[in-house]
Structure formats: C-alpha cells, structure tokens
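Asks: Sending over a structure as structure tokens; questions will come in a sec.
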Amino acid sequence: MALVSPHLSAADYVIDTTGAHAFIQFKIKHLGYSWLLGRFDKFSGSFSYDETNPAAAKVSVKIDPASIDSNHAERDKHLRSKGFLDVDQYPEAAFVSTSFSDQGNGKALLKGNLTLHGVTKEITIDVNHIGAGDDPWGGYRSGFEGHTQLTLKDFGIQSDLGPASQTVELYLSIEGIRQ
Amino acid sequence: MLKNTETHYGLLSMLLHWVTALCVVGLFALGLWMSGLEHQDAWYNRAPDLHKSIGLSLLLLTLVRIIWLRISPKPQPLPASRGEHIFVAAIHGLLYLLLFGVMFSGYMIATGEGHGIAVFGWFEVPALPWQIEHQADIAGEVHEILAFVLMGLMLLHAAAALKHHFVLKDNTLRRMLGLKLN
C-alpha cells in the first residue's frame with residue numbers, strides 16, 4: 001500500500017466538461033408557484049481530492065456567465081443584461097475553495113469564494129461524494145454533487161423577481177478525470 | 001378602384017401603405033414601452049406577445065405588398081428632376097429594406113434558442129434550423145438600431161409628403177389619400 005499511496009495523494013482531477021459529465025444547474029421559484037430551471041453551459045475547472053486526506057481537497061472553477069441557458073431566448077438575453085448578470089461588465093464568474101471539512105459517509109462541507117456579478121462572497125456547498133473508480137477507457141474518475149443557495153441581492157443583482165424569488169439554488173454535479 | 005392606375009393609387013395599395021405606417025409607429029412605441037416593463041407588470045408577457053404577433057403579421061403583409069407592387073405597378077411619378085427621382089427611389093427602397101431588417105432581426109430575437117413564435121395564439125412561426133451563439137442579444141441590438149433608423153427615415157418621408165402637400169401644393173399626398181387630384 002505504501003507504494004500506492006503517493007500516487008493517490010497526487011490526486012489532481014480535471015472536471016470533465018469536454019465530455020459534459022459536469023453540470024452547473026440553478027433553480028429559482030417562479031412567483032412562488034413553481035421552479036424555473038436553468039444551467040451554465042460553459043465552465044471549466046479542476047480539483048484535487050485524496051480519500052485518505054479529504055481535508056486537503058481543493059476546487060477551482062471558472063464559469064462563463066454569458067452561457068446561462070434557461071431554454072428561452074428572451075429570458076436568457078434578459079439574464080445576461082444589466083439588471084441581472086451584466087455579462088458585458090462582468091464576463092467571468094469563479095469559485096475557489098478555501099476549506100473542505102469531511103462530515104463522514106461521503107458528506108462534506110466545502111467553503112470557498114464565489115465571484116459573481118463582480119462580487120466575491122464566501123459560500124458553503126453541501127457536498128456528497130458519489131463515487132470513484134476506473135472508467136472503461138483506461139482512466140480514473142471521481143464524482144461529487146453539491147448544493148448551495150445564493151441570495152441575489154448579496155451579489156449586487158438588483159432586479160427583483162418578487163418575494164418568493166430572492167434566492168437561487170445551485171445544484172452542481174461534477175465528475176473529474178484524474179491526471 | 002382596387003388596382004393602381006397611371007395617375008392614382010388603388011384602394012389596396014393605399015390600405016397596405018397606411019396599415020404599414022400605423023403598425024410601424026405602433027410597434028415602435030409598444031417596443032420602447034415594453035422593454036422597460038417590470039416583471040410584476042400586467043403587460044409583462046402580453047405586450048411582447050402582441051408586439052411579435054403584429055410584427056409577424058406585418059411581415060406577411062409586406063410580402064403581399066411586394067407581390068402587389070409587381071402585379072399592380074405604381075402610378076407614374078410626378079414631375080421632378082432626374083436626380084430627385086433617383087433620390088426618392090433610393091429612400092423608398094431603403095424604407096423597404098429597413099422594414100425587412102427590423103422585422104427579421106425581431107424574429108431572430110424571439111427564435112434565438114430555436115423556439116417558434118406564436119402569432120395571436122392562432123399559429124406558430126417556426127425558428128430557423130440553426131442559431132448562433134447569443135443570437136437574441138445580437139439581434140436585439142440590431143433590432144433597436146434599425147428601428148430608430150427606420151423611424152428617422154419615416155419622419156423624413158412624412159415631412160417630404162407634407163412639404164409636397166402644403167408647400168409645393170402637388171398631388172403627392174392627395175393620391176395616397178385617395179383625394180381628388182388637382
């Protein structure tokens with residue numbers, strides 16, 4: 001085992017956005033009557049994760065906010081415009097982790113700085129390690145899901161969609177290919 | 001009556017002209033107003049639906065107008081210099097071009113992600129089979145700019161018609177209104 005562990009500790013993964021095995025989805029209440037779902041189509045990132053030393057885990061993701069897609073051309077145009085993400089002014093969003101605390105059973109709390117709409121704020125993501133192992137093509141993959149919630153006004157997004165729509169929930173599904 | 005003659009515009013040409021004028025001015029005002037509406041406004045969905053439905057109907061009407069122009073040619077131009085005729089023909093051509101430009105760019109906004117546009121809830125105009133990235137944003141910019149240019153040119157067009165009527169006192173406006181010629 002001692003021979004294997006150095007290899008494991010060098011556990012750097014690239015998020016598989018090329019094969020689209022990673023998703024950044026959001027949902028926000030529409031009028032309080034239903035959920036509106038959407039996603040960011042373009043992002044890239046990497047993480048390092050060692051099962052024997054999860055506290056050392058690190059994640060870094062860059063997101064193109066202009067790639068927002070809620071399956072409605074005029075709404076997406078609106079979401080990219082000044083009142084919302086203002087993507088001309090703020091063409092990049094990013095998340096960089098600061099700490100990872102293992103809660104057992106594959107659960108963890110991931111803290112980090114999210115930069116969105118030009119505002120950087122610390123957020124906490126509830127993480128669940130789904131699984132890891134060899135893939136059929138000679139690689140090794142590890143995957144996580146994450147949940148978090150953002151308040152739009154915290155990120156300086158002034159457009160008001162009504163009292164039921166002040167916060168947006170994020171669901172992240174991330175598969176990494178070990179390098 | 002219905003068809004154009006050498007000296008007069010027929011009923012159909014006049015109708016097509018004035019309905020277009022009414023639609024364009026109305027759509028411009030509606031477009032300006034609706035783009036500032038809040039999410040909570042009662043007209044937030046209704047105004048764009050109306051704008052798109054009228055706009056696509058106008059596109060159909062303009063196609064009819066072009067066909068009609070082929071079938072029932074315009075009356076002879078009123079006496080003017082050769083240069084003036086060329087200038088006026090260019091302005092009229094530009095008005096048609098802008099009209100199509102504004103309507104097509106509007107269509108490209110709403111179909112930016114491949115979804116069709118419902119016209120008054122009667123039928124749906126499908127999207128083109130391909131889209132470009134951020135199509136709605138790009139088409140939106142083009143739509144706004146062309147709409148302002150079109151309004152400017154329409155003002156010039158209307159001012160010229162009024163000048164012909166009140167200053168030059170010729171038949172330019174009279175024959176588009178179906179009035180007795182001088």
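The values are calculated or read from the model by the stated rules, or taken from the named source; none is laboratory data. Just so it is clear, the model here is predicted, and its values are computed rather than measured. Note that each Cβ is placed from the backbone with ideal geometry, even for glycine, and that neighbours are counted across all protein chains shown. What goes into the accessible areas is simple: the full protein's heavy atoms, side chains included, and nothing from ligands, DNA or RNA. Shrake-Rupley method; radii C 1.70, N 1.55, O 1.52, S 1.80 Å.
Asks: If exposed trypsin sites (Lys or Arg not before Pro) are those in a DSSP loop with at most 14 other Cβ within 10 Å, what is the longest stretch of chain B that has none?
Replies: Segment B:4-168 is the longest.
Asks: Same structure again: I want the local charge near A:Lys121. Using Cβ-Cβ distances under 15 Å, sum +1 for each Lys or Arg and -1 for each Asp or Glu among the other residues.
Replies: 0
Asks: Additional query: Out of the range B:54-158, which GluC sites (Glu not before Pro) are coil in DSSP terms and have no more than 16 other C-beta atoms within 10 Å?
Replies: B:Glu133
Asks: Counting helices only, and only those DSSP H runs with n ≥ 4, report the 222 nm mean residue ellipticity of chain A as the sum of -39,500 (n - 2.57) divided by its residues, in deg cm²/dmol to the nearest 500.
Replies: -1500 deg cm²/dmol
Asks: By how many degrees, between 0 and 90 and to the nearest 10, does the Cα long axis of helix B:82-110 differ from the longest principal axis of chain B?
Replies: Helix B:82-110 sits roughly 20 degrees off the main axis of chain B.
Asks: Next question, about the same structure. Can you give the convex hull volume of the alpha carbon atoms of the protein assembly as shown per residue, in Å³?
Replies: Expressed per residue, the convex hull around the Cα atoms of the protein assembly as shown is 192 Å³.
Asks: Sort largest first and round to whole Å: the equivalent ellipsoid semi-axes of the range B:1-85, each the square root of five times a Cα gyration tensor eigenvalue.
Replies: Ellipsoid half-lengths, sorted descending, are 36, 15, 9 Å.
Asks: Oh, and also: Summing both sides, how much accessible area is buried between A and B? Use a 1.4 Å probe and give Å² to the nearest 100.
Replies: The buried area between A and B, both sides summed, comes to about 1200 Å².
Asks: Once you've got the Cα coordinates, tell me which of B:Lys3/B:Lys169; A:Lys77/A:Lys107; A:Lys42/A:Lys111; B:Lys52/B:Lys180; A:Lys77/B:Lys74 are over 31 Å apart.
Replies: A:Lys77/A:Lys107; B:Lys52/B:Lys180; A:Lys77/B:Lys74
Asks: Further, regarding this structure: Suppose every K and R has +1 on its Cβ and every D and E has -1 on its Cβ; what is the size of the dipole of chain B about the Cα centre, in Debye to the nearest 20?
Replies: Roughly 1260 debye, rounded to the nearest 20.
Asks: Based on C-alpha coordinates, I'd like the Rg and Dmax of chain A, in Å.
Replies: Using the Cα atoms of chain A, the pair Rg, Dmax is 17.4, 58 Å.
Asks: Report the calculated FRET efficiency for B:Leu177 and B:Arg70 (r = Cβ-Cβ distance, R0 = 25 Å), to the nearest 0.05.
Replies: Once the sixth-power term is evaluated, E becomes 0.60.
Asks: Moving to a separate point now. Apply the Karplus parameterisation 6.51 cos²θ - 1.76 cosθ + 1.60, with θ equal to phi minus 60°, to every residue of the range B:113-121 and state each ³J(HN,Hα) to the nearest whole Hz, in sequence, with x for glycine and proline.
Replies: Per-residue couplings from phi come out as 10, x, 8, x, 10, 7, 9, 6, x Hz.
Asks: Quick one: dipole size for the protein assembly as shown, taken about the Cα centre, charges +1 on Lys/Arg Cβ and -1 on Asp/Glu Cβ, in debye to the nearest 20.
Replies: Here the size comes out at about 2140 debye.
Asks: Tell me, in nm to one decimal, what length is gained between B:Gln131 and B:Val149 on full extension, where the rule is 0.36 nm per residue of separation less the Cα-Cα distance?
Replies: Answer, rounded to one decimal: 3.9 nm.
Asks: Could you give the alpha-carbon Rg of the range A:140-179 over 2.2 N^0.38 Å, rounded to two decimals?
Replies: Normalised Rg, Cα atoms only: 1.70.
Asks: Taking all protein chains in place and a 1.4 Å probe, what share, in percent, of the accessible surface of the protein assembly as shown do carbon and sulfur account for?
Replies: Heavy-atom surface of the protein assembly as shown belonging to carbon and sulfur, 1.4 Å probe: 63 percent.
Asks: The range A:91-146: which chymotrypsin sites (Phe, Trp or Tyr not before Pro) are DSSP loop and have at most 16 other beta-carbon atoms within 10 angstrom?
Replies: A:Trp137
Asks: Now, a different point. Where a Cα-Cα gap under 19 Å defines reach, which aspartates and glutamates qualify for A:Lys121, not counting those fewer than 8 residues away within the same chain?
Replies: A:Asp64, A:Asp86, A:Glu92, A:Asp154, A:Glu169
Asks: Please list, by residue number, every one of the chymotrypsin sites (Phe, Trp or Tyr not before Pro) in the range B:1-102 that is coil in DSSP and has at most 13 other beta-carbon atoms within 10 Å.
Replies: B:Tyr44
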